[in-house]
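Right, one structure below, let's go through it.
The values are calculated or read from the model by the stated rules, or taken from the named source; none is laboratory data. The structure presented is a predicted model; accordingly, all values stated were derived computationally and were not measured. Neighbour counts run over all protein chains shown; Cβ positions are idealised from the backbone, glycine included.
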Amino acid sequence: MISTWSEWKRYPRPGRGENLEAPISPGIYEVRIAATGAVHSFGAVDNLAQALALLPLGTKSWFGRRDTSEVPDLEYRTCATSTKADARDAADRMIGRRETYISGAA
């Protein structure tokens, strides 16, 4: 069972005390750069909230801290599913549709 996509939400910036709002269930997530709409991250996962919280952002410095000054403003959305297998199937279909669209547009 696949639900619908959530609305786009601003991805919280480190150090600002903002929160992620995502289900603790299997599903698909998409993260994009707010200014351009370019896809930053996409995946089918067991736990949407955990996957979004653990996204690698910025670059690591010599001291083990992430440099978040270079991180663009990001937006995210989620689509919850019943199982990770449903999420993978839906993600594969979406990727196939995008590839078809891009190859037809070229």
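Scanning region 63-77 for residues that are surrounded by 13 or more Cβ atoms within 10 Å (Cβ to Cβ) and either modelled with pLDDT of 90 or more or of a type in the set (Lys, Arg) (or both) yields a count of 5. Total residues in region 1-19 satisfying the condition of being farther than 12 Å from Arg77 by Cα and either not charged (D, E, K, R) or not in a loop (DSSP other than H, G, I, E, B) (or both): the figure is 8.
Of the numbered conditions (1) farther than 17 Å from Lys9 by Cα; (2) modelled with pLDDT of 90 or more, Lys60 fails exactly one; give the number of that condition. Going through the list (1) farther than 17 Å from Lys9 by Cα; (2) modelled with pLDDT of 90 or more, Lys60 breaks only (2). The residue list Ala22, Ala91, Ala80 contains one member that is touching a strand residue (DSSP E or B) at 6+ places or on another chain (Cβ under 7 Å), modelled with pLDDT under 90 and either surrounded by 11 or more Cβ atoms within 10 Å (Cβ to Cβ) or in a strand (DSSP E or B) (or both), which is Ala91.
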